[in-house]
Amino acid sequence: RNANLGRAYLKKAILTGADLRGANLSYAHLENANLRGANLCGANLSNAKVTKEQLAQAKTNWTTVLPTGKRGFW
C-alpha cells in the first residue's frame, strides 16, 4: 500500500490480490502482469504500460489515475 513503484519493470509479474492502494505505478511496465483481484484504488497508473483487459480484472475506483492521466474507470 502506498508503494513507490514508478518506472518499475513488472512484466509478467503475478500481482493477484495485491494491495496496491495509493501506489505510484506511473510509467511502470505491467505488460502481461496478472492483476486479477489486485486493489488499485487510488493508484497512479499515468503512462503505465497496461491494457484495459488487465485493469478490468483489478479493483479500481474514481481516485485511480488511469494510463491516460484521467481519474476514474475505463
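Within region 2-43, restricting attention to residues that are in contact with a Gly (Cβ under 9 Å, 6 or more places away or on another chain) and either modelled with pLDDT under 95 or not in a loop (DSSP other than H, G, I, E, B) (or both), which residue is nearest to Trp62 (Cα to Cα)?
Asn39
Return only the number of the condition from (1) assigned to a loop (DSSP other than H, G, I, E, B); (2) within 21 Å of Arg1 (Cβ to Cβ); (3) of a type outside the set (D, E, K, R) that Thr68 does not satisfy.
(2)
Can you name every residue in region 52-65 that is surrounded by 14 or more Cβ atoms within 10 Å (Cβ to Cβ) and either β-branched (Val, Ile, Thr) or not in a loop (DSSP other than H, G, I, E, B) (or both)?
Initial filter on region 52-65 (surrounded by 14 or more Cβ atoms within 10 Å (Cβ to Cβ)): 54-55, 58-61, 63-65.
If the condition is that a residue be surrounded by 14 or more Cβ atoms within 10 Å (Cβ to Cβ) and either β-branched (Val, Ile, Thr) or not in a loop (DSSP other than H, G, I, E, B) (or both), then Gln54, Leu55, Lys59, Thr60, Thr63, Thr64, Val65 are the ones that fit.
Pairs please, first residue from region 11-40 and closer than 17 Å to Glu53 by Cβ, second anywhere and of a type in the set (Val, Ile, Thr) and buried (at least 16 other Cβ atoms within 10 Å of the Cβ), Cβ atoms under 7 Å, 6+ apart in sequence or on different chains.
Leu30/Val50; Leu40/Thr60; Leu40/Thr64
The values are calculated or read from the model by the stated rules, or taken from the named source; none is laboratory data. Quick caveat: nothing in here was measured; it's all calculated off a predicted structure. So basically every Cβ, Gly included, is an ideal-geometry build from the backbone, and we count neighbours across all protein chains shown.
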